[in-house]
1. So how many residues does region 10-37 have that are among the hydrophobic types (A, V, I, L, M, F, W, C) and part of a loop (DSSP other than H, G, I, E, B)?
2. Determine which member of the set Arg81, Arg86, Arg72 is at pLDDT 90 or above and of a type in the set (Lys, Arg).
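The values are calculated or read from the model by the stated rules, or taken from the named source; none is laboratory data. Because the structure is predicted, anything quoted here is derived from the model rather than measured.
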Amino acid sequence: PAAPGPCPRRGGGEVAALRAMGFSQEQARRLLGLQPRLGPERREAVVAQLLLLGLSAEASLALLERSPALLRLPPERLGERAEKLRRLGLDGGR
């Protein structure tokens, strides 16, 4: 019988998706440790918004480690906030 806990296949798929977005193996694992009950689609959508804003994978991870509640924001809301920042000229990771 399988041991209780998260499905290793699911975690591996999430790591692979985050690696494809530019995160290292270690960064992906650290990111998965934030808000562990969060669905992979939500995590990837939030991370994608940060990357589209111009943040690097390293800067995105640092931001989410400082403010993990960002992962609970609906991606649409985070997208709206990112758009406001772009209109103010705060893109490219600045």
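1. Here is the first cut: in region 10-37, the ones among the hydrophobic types (A, V, I, L, M, F, W, C) are 15-18, 20-21, 23, 28, 31-32, 34.
Cutting the leftovers down to part of a loop (DSSP other than H, G, I, E, B) gives us 21, 23, 34.
Selection size over region 10-37: 3.
2. Arg72
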